[in-house]
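Student: Right, I'll just put the structure down here and ask away after.
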Amino acid sequence: MNVNGFATVAASREAVFAAICDPGALLEVIPGCQEIQRVSSDEYRGRIALRLPAIVGTYDTLVRLVQANPPSYGELEGRVEGRVGTIAGRATFRLADDGGKTVVEYEGSGVVSGPLARLDSRFIEGLARSLIDEGLARLGRRLQEVPVETAG
């Protein structure tokens, strides 16, 4: 499975990067997120409930920020595991200034196993892209309503 894309968020790179690393922000913007906690400076665990065709269920997640160059770049690796299968993968995101806004460019790859692996890869990629795009749109709305504190 491979996904990539971009979105523009009406906030600074610093605010976007801070939100990506803030469990409170993530809880609000990740579609279906029920719980998320930071277990170390670079590792998060959580639970996501999805109500999408063929992947209905609750999934336990583990995500680690394996490389970061705030506020420009981050690399993540993670695992999403539920009754209908597992997805393990890596993703990168790049943040670029665009006249007071931030362009978020992402790309990722993952290996799907279990019953989920029987689904068409284009279907899974489309669902993943849709969830990411929805999350980025929510992130933009949240940063307009509740700006995240940035270190500086």
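The values are calculated or read from the model by the stated rules, or taken from the named source; none is laboratory data. This is a predicted model, so every value here is computed, not measured. Because the Cβ atoms are built from the backbone with ideal geometry, glycine has one as well, and the counts that use them run over all protein chains shown. Quick note on the areas: whole protein, heavy atoms, side chains included, nothing else; ligands and nucleic acids left out. Shrake-Rupley method; radii C 1.70, N 1.55, O 1.52, S 1.80 Å.
Student: Filter the range 26-40 for residues that are among the basic types (Lys, Arg) and touching a residue at least 24 places away in the same chain (Cβ under 8 Å) and give the result. Steps first, please.
Tutor: Applying the first criterion (among the basic types (Lys, Arg)) to the range 26-40 yields 38.
Result: no residue meets the conditions.
Student: Under 8 Å by Cβ, and 6 or more places apart or on different chains, what pairs join a residue from the range 119-131 that is closer than 16 Å to Arg51 by Cα with one that is at pLDDT below 90 and assigned to a helix (DSSP H, G or I)?
Tutor: Note: pairs meeting the criteria are Ile124/Leu116.
Student: If Pro71 satisfies every condition in (1) assigned to a loop (DSSP other than H, G, I, E, B); (2) of a type outside the set (Lys, Arg); (3) open to solvent by less than 40 Å² (accessible area, probe 1.4 Å); (4) over 24 Å from Ala15 (Cα atoms) but one, which is the exception?
Tutor: (4)
Student: Then there's this: Inside the range 42-61, can you point out the residues that are open to solvent by 50 Å² or more (accessible area, probe 1.4 Å) and either without any contact (Cβ under 8 Å) to a residue 24 or more places away in the chain or touching a strand residue (DSSP E or B) at 6+ places or on another chain (Cβ under 8 Å) (or both)?
Tutor: Result: Asp42, Arg45, Arg47, Arg51, Pro53, Val56, Thr58, Asp60.
Student: Inside the range 1-16, can you point out the residues that are of a type in the set (A, V, I, L, M, F, W, C), open to solvent by 30 Å² or more (accessible area, probe 1.4 Å) and in contact with a helix residue (DSSP H, G or I) (Cβ under 8 Å, 6 or more places away or on another chain)?
Tutor: Met1, Ala10
Student: In the range 17-41, what residues are in contact with a helix residue (DSSP H, G or I) (Cβ under 6 Å, 6 or more places away or on another chain), within 17 Å of Glu134 (Cα to Cα) and open to solvent by 30 Å² or more (accessible area, probe 1.4 Å)?
Tutor: Answer for the range 17-41, where residues must be in contact with a helix residue (DSSP H, G or I) (Cβ under 6 Å, 6 or more places away or on another chain), within 17 Å of Glu134 (Cα to Cα) and open to solvent by 30 Å² or more (accessible area, probe 1.4 Å): Glu28, Ile30.
Student: Give the residue, chosen from Ile55, Ile30, that is at pLDDT below 95, of a type in the set (A, V, I, L, M) and under 14 Å from the mean Cα position of the chain (by Cα).
Tutor: The conditions single out Ile30.
Student: Let me ask you something else. Going by what's in this entry, would Ala117 be described as assigned to a strand (DSSP E or B), more than 20 Å from Ile30 (Cα to Cα) and aliphatic (A, V, I, L, M)? Reasoning before the result, please.
Tutor: Numbers: assigned to a strand (DSSP E or B): no; more than 20 Å from Ile30 (Cα to Cα): yes; aliphatic (A, V, I, L, M): yes.
In short, no.
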